Structure formats: C-alpha cells, structure tokens
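Worksheet for the structure shown next.
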Amino acid sequence: MQGKSEDQIEPPADSGPDRDGFSSRREFIRSLAAISAGLTVAAPLGRAADLTERSIPKSAPPDPNGIQGWTEIKLQVNGNTERLVVDPRVTLLDALRDRLELPGTKKGCDHGACGACTVHLNGRRVLSCLTLAVMAQGKEVTTIEGLAKNDELHPVQAAFIECDGFQCGYCTPGQIMSAVACINEGHTGSDREIREFMSGNLCRCGAYPNIVDAIKIAALKMKGGAS
Amino acid sequence: MRPFVYESPSTPQQAVSRGSANSAFIAGGTTLIDLMKLEVMKPSRVVDLNPLELRGIDMLEDGLRIGALEKMSDVARHPQVAANYPVISQALLQSASAQIRNMASIGGNLLQRTRCGYFRDVNTPCNKREPGSGCPAIEGENRMHAILGTSESCVATHPSDLAVALVALDASIRLQNGTDERLIKLDDFYLLPGDTPDRENRLQPGELITEVRVPMLPWARKSAYLKIRDRESYEFALSSAALALDLDGDRIRDARIAVGGVGTRPWNLPKVREALLGKPLNQETFAAAARFAIEGAYPLTQNGFKIDLVQRTIVRALKDLGEVA
C-alpha cells in the first residue's frame, strides 16, 4: 500500500475545531494544499496527487505544444461535471480519491495487478491507477459511490452483503465494480466463468467463494429487471 | 513519475511528428504508466493516440485487418475473429485481466515490455534498461526466463500471447513514419537480444503501428492457443503454443505453430511444422515433431524444466486440437 488512505485513518476524536483551528483532517489537508499552491516554486511536483484542493491556480502559462504542469480538466463522475486542476501525471485514481473526495475507489498495488482501483469508463471496467486523469476527459466515470440509487443499494452491493462477500473490505469496491461489469458482459454462465472473468480482482482475505455466490445471486436479480 | 508534456494530436501524421527517442506514444497505458511509475521509462513527452482513427476490425478478401487502437477485449469477442481465427481470440482471452483487456490496445500489446524482475527494478543492473550494466538474471532469479534466443546480455522472455498467435499465422503490421508507410511481417519485426537487448524490434523512433494484417487462412478456423502457467488465470506463460491444423482425415496436410513463454521473442517453429506435414495424427508424430522446438535451447539455473514443458505443451496442443485421445 503506498501512501496513507484517508479512510484508513481515525477521524479526529472531537468533532469541534481542535487547538490548531482545523475541524477535520480533510480541512487540514486542504489548507496544506492551498499553502503549497501559493508557493509554486516549492510545490511538490512528484507528490502532486497528494494535494486535495480542487482548484489550484496555474503556476505557468500553458505549453503551446501540450499540457505541462497544472492544467484544468473536466471529468464526468457519477453524473456530475467536476472541474479540477491536475498535473498530467495525476492518475484517475488519485484524482478521484485526493481531489474529488471520492475515496471509495481503493489504491492497492498502484500498478494494475490487484483490481482494487476498478472503475467504469463509459460503462466498461478499467483500472483507474493506470489511467491518466487527463485521458479520462469526455468519458463517463462511474465509481462505487455512483452505484446506489439514493438509499437503494445496487443489486451487486446488496448481494455482497447478503453473501458475506468480503472480510476486511479493502478490495470490495473494486470487486463490486468489476462484478457489475462481469454481469453486464454476460460472463456469469458458470462458477468457472465467473472466476475467470473476475481474476483481475485479488482478495487477500480469500472471500472468493462468497464473492462468486454474490455474483450469481446478483446476476439473477439483474436479469429479473431488479436493477 | 518524472514530469512530462502530454499531447493529444488529431492525425497520425501529427502524432508521428511529435515522436522521438525521448517521447512515448500512449494508447491503453497499461505498460507505459506502470513503467513510468517505476521510472523504468522516463519519456519527456507522452503523445496520446486515442483521438486517432486507427480502429476497425474487418474481414477483407485477403484476410483480417485490425486497427492498432482496437482494444484486446473487442478483438477477442469479435465474431469474425472468434470464428475465423480462434487462436487469436483465445490468446487474447488468456492474457491479463478483463479490466486490462478493456484498456490495452492491439498495437500496444505487441510492444509490451518484458516482465523480467530485474528490468522492472531500477536498483538492479539490466542490459535492456541500461545497456552495458549487466544481466543479474543469468545467475539470479530466472525461473520465468527464456531458453530460446538468449544471449550473454539478456535472457528475458517476450510476454505477449497475441504476438505468438500472430507470428504463427504469418501476420504483418503496418508502420507509419512521417508520410512513409511500410508493411513488415511480425516474425521479422522482433529482434533477438544479441548484445543490444535494448533494441527489441525494428520500430524507428517516432514510428507508429497503425494496423495488424492477418492473411486469409481458411483452415485457421481449426486453431487454438494453449497457455501453461503457475495460476489458472491472470498470469504470464511459462510456456504456450499457438497452433492451427489443416487435416486430411487422420493425416496432417498443413500446420502453423509458434510458442511463447520460452523465447526472447515470439518463437515461430517452421521445423516442427515440417515434421508434422503429411504425418498421421498420433502421439508419436507429435512427440517427434516437438523435439525440433528445443533446437538450440539453453537452460538457465532455474528454468531447465521448460525444455520438457514446451515439448509437452506442443504435444498437448496437438492432441487437443487434433482430438487425439
């Protein structure tokens, strides 16, 4: 696991402003981002994705030949248009988690080997850790946060709960996003087929049998029009 | 990841004009972003090919045409590909994961880099990554490495399954450089490592793969890809075979065969093919022919098992496709 995940860290003990005047960890990080954005020379370029502020002033005029340094992009995420300023190095995964405050998508290996970062681009499952945010422009991004309809869980989410399709839960958002696509692609003909087409999502707790059960149940429900 | 300039040109000519030894084309990004994060690749310019029109999967009079930007998943499930060249569909479906197949392009698949752990670790020497620095794999961790086509400089395997199928089918790729275009057989495209393992193919700086052409071969309807690996799915080959058979009753009229997971490049086996021609469809024929696969093989400290494994892979592929008990 690289870097700290916001959702892995305990929230501040009291809900009111602490002695430094920051009421939450997010707010504190946001203030850091604003500070580093002001100090453009010292901006930590190699850790650009660690910043959480959505809109950071451009530090340099645009390169006429292409995008270099901070650039404003537009992403369609879960039906919303999001404007954010990124360096071309920022992956879709880091943009979602660290800029758009959508930490449901998880960073596992960050090298396309584990599937924890699976999201849908134009309805197809892809790895957000190997996708540059600039390259996701003009496409519909769907994350785990975009699956439920208001308070109604997606059938795959409900089936994962029903079947205990997880233990620690870290791989679960990626498993669910992958499972939704697996069902939509029609690859649920047998346990073997489900396992083959879900092989890009690793679960180190070994919840695989329950994940397969959850996908079978959800596939039946979705065929029945419950989705 | 090192800083880079990102560009998205709208024509192949523009893309090629932005290419250089310090630039990289990006399509799916599944190799490039991974290796840029590891700082194995450090392009100062990344040229996005996705706005280009290098698409289409068409069955033409003289064979199959696949646009270089088509995704692995789309090619694998294309009805014409699955019906006319099952070996291509199967090689693709046994590659990577569903997510990666949705991202990776056909052109990029053919240019993916080796999975050798020393190549991927910038803290170790590697002649492919840093010419002249040495090859720790020769005496080190080399269980996954090649037994065919190796040199004292490099023993890394070529990881593409698709390339093995395409070499077996005598496919070509179209390359574009400026306004110049050329068609080159894929089997001539890949280079042996020799003492320049950093040069893996005949692509010039800035040159672009625009399409794949697979010749018409009606009997390739009877073809298959067999991949042997440590895990049943989502793993690179220890050994693999791409095979097409033209049968006349229980005799072999013609065959195409190439192997993967054992060579420094996709490994075509014309001598195995010759040994099959006109022969009866049985275990003796298969075993005798498979022996030609290991001509010149050089096992390393941990991968001697591949000498047997590749022959068994070939025999099993022949038995399965020839329906020999």
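The values are calculated or read from the model by the stated rules, or taken from the named source; none is laboratory data. Since the structure is predicted, the reported quantities are computational estimates derived from the model, not experimental observations. Cβ sites come from the backbone with ideal geometry, for glycine too, and all protein chains shown count toward neighbours.
Data table
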{"read-out": "Those residues of the range A:191-205 which are more than 20 Å from the chain's Cα centre (by Cα) and away from chain B (no Cβ under 14 Å), in sequence order", "value": "A:C205"}
{"read-out": "Sole exception among (1) over 22 Å from B:A163 (Cβ atoms); (2) in contact (Cβ under 8 Å) with a residue 40 or more places away in the chain for B:L64, by number", "value": "(1)"}
{"read-out": "Single unsatisfied condition, B:R18 versus (1) at pLDDT 95 or above; (2) more than 25 Å from B:L162 (Cα to Cα)", "value": "(1)"}
{"read-out": "Top-ranked residue in the range B:197-247 [being out of contact with any strand residue (DSSP E or B) (no Cβ under 9 Å at 6 or more places or on another chain) and either more than 30 Å from B:L49 (Cα to Cα) or of a type outside the set (F, W, Y) (or both); ranked as surrounded by the most Cβ atoms within 10 Å (Cβ to Cβ)]", "value": "B:P197"}
{"read-out": "Residue count, the range A:133-182 (criterion: of a type in the set (S, T, N, Q) and in contact with a helix residue (DSSP H, G or I) (Cβ under 8 Å, 6 or more places away or on another chain))", "value": "6"}
{"read-out": "Condition check for A:T91: polar (S, T, N, Q) and touching a residue at least 60 places away in the same chain (Cβ under 8 Å)", "value": "no"}
{"read-out": "Residue match in the range A:112-135 (condition: more than 10 Å from chain B (Cβ to nearest Cβ), among the basic types (K, R) and touching a residue at least 24 places away in the same chain (Cβ under 8 Å))", "value": "no"}
{"read-out": "3 or more residues farther than 19 Å from B:L92 by Cα: qualifying strands (runs of 3 or more DSSP E) within the range B:172-232", "value": "B:172-177, B:180-185"}
{"read-out": "Condition check for B:Y85: within 16 Å of B:A156 (Cβ to Cβ) and among the aromatic types (F, W, Y)", "value": "no"}
{"read-out": "Condition broken by A:R97, with the remaining ones in (1) touching a residue at least 40 places away in the same chain (Cβ under 8 Å); (2) assigned to a loop (DSSP other than H, G, I, E, B); (3) crowded, with 18+ Cβ neighbours inside 10 Å satisfied", "value": "(2)"}
{"read-out": "Within the range A:145-168, tally of residues that are touching a residue at least 12 places away in the same chain (Cβ under 8 Å), of a type in the set (A, V, I, L, M) and under 21 Å from A:E101 (Cβ atoms)", "value": "1"}
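Yes or no, residue by residue, for (1) surrounded by 17 or more Cβ atoms within 10 Å (Cβ to Cβ); (2) modelled with pLDDT of 95 or more; (3) among the polar types (S, T, N, Q):
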site: A:T118; (1), (2), (3): yes, yes, yes
site: A:L121; (1), (2), (3): yes, yes, no
site: A:L130; (1), (2), (3): yes, yes, no
site: A:E140; (1), (2), (3): no, yes, no
site: A:D151; (1), (2), (3): no, no, no
site: A:H154; (1), (2), (3): yes, yes, no
